[in-house]
Structures are given as C-alpha cells and as structure tokens.
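The values are calculated or read from the model by the stated rules, or taken from the named source; none is laboratory data. Just so it is clear, the model here is predicted, and its values are computed rather than measured. Here Cβ is always computed from backbone atoms with ideal geometry, including for glycine, and neighbour counts include all displayed protein chains.
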Amino acid sequence: MILSDHEVNSHLREKLQNIRGRHLCAVLGTYEALAKYERNAFPELRGPDGKPLAPPINVNRTLLDRIPDAESKSLVANEARRPEFVRERLYQGFDQLLADELGRTQVATLKHMELLFAYDLELNTLRTRAVNEKYILLLLPGQRASDRVTLFHEASPEWHKTLPKELLPEDHLFELKP
C-alpha cells in the first residue's frame, strides 16, 4: 500500500512504541519522495521516549569517513585483486557504525546505503542489532511489486537490487507516494 508522509509516520509511531518483536522498519520511495519525507515529515516523528529522532545517517559517507586515508588508498588500489577484503572491511565498519549509533540512541535511521548493496554485504546485522528496545529505520530508494521489493528502481534495470524477503516482514515496509 502506498501511503502519504503522515500515514507513514502514523505506522512508524505504532512500531516505535512496540517493545516486542522485530524493531527494523523501512520506508520506500523515489529519491525525491524520500528527500521530501526526510525534510518535511521525518522531523515530526518521535522515538519511544517521546523525543525527536536524530537526523538520518548517510551510511555511504559515514563508512568512508571512518576509514583512515592510508587504508582507504590501499583498499582502492587492491580492490580489483581482493574485493572480498574490501567487502569485509565495509561490513566491519557498518556493524561498528550500528553498534556505536545504537549505543548512543534508541533509534538509528539510515539513508544512502548504496555501498552496502554494491558490495552485496550481509544485511543480517540489521536484524541482530534491532533488538532489546533498539530500533533501526531504513530510508530506501525502492518500490514494492507484489511480494518483492526492488531497490534503486529509478536506475537502469542492471543496477536494480532485490531486498531479501527475510530481512523485513511485510508490515514493517512502508511505501511513500511519489
């Protein structure tokens, strides 16, 4: 079901008050719709404690910023020969980013996660970290088509990715009106 910004917030408020079950949700939409949502409706959203949520984290930028310059140069130079090393380094950085953020706040909102999908990183860390009254909200460029979520749907088909079905239950996915 495609929802307005305020309808998405209403569903998210309900999920953020629930202390049982999985605490991982995603908002889907075009890049433009997600930017509009982040700018206009997201600031109205409150966490379980009633306080405004921290601004969404740009995962791509944060991961790259956390890698020291010398290591970054080495990763780039060796990427073609050792892509698994780059993948592992990004995964470790992502897992540590989640641990740090959820240690600081109850709700982590993530956006711009293209690096994770470009390197086909394991996403189960999202599920394992979103427990014990810790919540993760994903802002993802994508659209739902029956039981499948296509990410980066605005790009050429060769760049499309499919969100793993087991990552998020149907009632934790909310699609914005374009």
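Observations on the structure shown:
- Unmet requirement for residue 118, which otherwise passes all of (1) within 18 Å of residue 29 (Cβ to Cβ); (2) among the small types (Gly, Ala, Ser); (3) surrounded by fewer than 19 Cβ atoms within 10 Å (Cβ to Cβ): (1)
- Pairs where the first residue, in the range 34-46, is surrounded by 17 or more Cβ atoms within 10 Å (Cβ to Cβ) and the second is at pLDDT 95 or above and of a type in the set (Ser, Thr, Tyr), C-beta under 9 Å, 6+ apart: 38/109; 41/4; 42/109; 45/109
- Boolean, residue 10 is of a type in the set (Ser, Thr, Tyr), surrounded by 11 or more Cβ atoms within 10 Å (Cβ to Cβ) and modelled with pLDDT of 90 or more: yes
- Filtering the range 36-66 to residues that are polar (S, T, N, Q) and in a helix (DSSP H, G or I) leaves 40, 60, 62.
- Considering residues of the range 81-90 that are in contact (Cβ under 8 Å) with a residue 12 or more places away in the chain and over 16 Å from residue 57 (Cα atoms) only, the residue farthest from the chain's Cα centre (by Cα): 83
- Some residue of the range 94-101 being out of contact with any helix residue (DSSP H, G or I) (no Cβ under 6 Å at 6 or more places or on another chain), within 18 Å of residue 56 (Cβ to Cβ), surrounded by fewer than 17 Cβ atoms within 10 Å (Cβ to Cβ) and without any contact (Cβ under 8 Å) to a residue 12 or more places away in the chain: yes
- Hey, residue 139 within 22 Å of residue 85 (Cα to Cα) and either crowded, with 16+ Cβ neighbours inside 10 Å or within 11 Å of the chain's Cα centre (by Cα) (or both) or not: no
- Looking only at residues of the range 25-41 that are closer than 17 Å to residue 168 by Cα and either modelled with pLDDT under 95 or of a type in the set (Gly, Ala, Ser) (or both), we find that the one that is nearest to the chain's Cα centre (by Cα) is 26.
- Residues that are in a loop (DSSP other than H, G, I, E, B) and of a type in the set (A, V, I, L, M), drawn from the range 1-35: 1, 19
- Taking the listed residues 177, 134, the one that is within 18 Å of residue 28 (Cα to Cα) and either of a type in the set (Ser, Thr, Tyr) or touching a residue at least 24 places away in the same chain (Cβ under 8 Å) (or both) is 177, with no other qualifying.
- Some residue of the range 110-132 being at negative phi, assigned to a loop (DSSP other than H, G, I, E, B) and among the aromatic types (Phe, Trp, Tyr): yes
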